[in-house]
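The values are calculated or read from the model by the stated rules, or taken from the named source; none is laboratory data. No experiment lies behind these values; they were computed from the predicted model shown. Quick note on the areas: whole protein, heavy atoms, side chains included, nothing else; ligands and nucleic acids left out. Shrake-Rupley method; radii C 1.70, N 1.55, O 1.52, S 1.80 Å.
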Amino acid sequence: GKTVVFKLIMGLINPLAGDVFINNQSVVGMSFRDFQPYRMKMGYGFEAGGLLNNRTLRDNLKLPLLFHKLCDDSEATERAM
């Protein structure tokens, strides 16, 4: 279904057959490091859960920005708002 397609595109699972292309480049079998530029430009919301229960929604939205050091805390807060 749709979830499987999203997981294939995100690199969370590999296809049993065939290939997955992003920008005309096969991403099947890429290492974590090779796939990182694609992953940094993607977002995925899991059907059930996926948020940290001990954090606010704002903190959950800020988390990837701070983890990947894309901006400081004040800018992350502004983007989350």
Inset, instruction - Starting from the Cα-Cα distance between LEU66 and ILE13, subtract it from 0.36 nm times their residue separation and give me the gain in nm to one decimal. - result: 16.5 nm
Legend entry - Relative contact order for the chain, counting Cα pairs under 8 Å that sit 6 or more residues apart, in percent: 16
Legend entry - Base-10 log of normalised Debye intensity for the chain (one unit scatterer per alpha-carbon) at q = 0.20 Å⁻¹: -0.99
Inset, instruction - Mean Kyte-Doolittle of at least -1.0 plus a Cα span of 15 Å or more along the axis: flag which DSSP H helices in the chain meet both, please. - result: 57-67
Legend entry - Probe 1.4 Å, protein heavy atoms only - accessible area per residue of the chain in square angstrom: 81
Inset, instruction - Taking H placed 1.01 Å from N in the peptide plane, check which residues at least 5 places from ILE22 or on another chain put their amide H under 5 Å from its amide H. - result: VAL27
Legend entry - Length released on extending from ALA48 to PHE32, taking residue separation times 0.36 nm less the Cα-Cα span: 3.3 nm
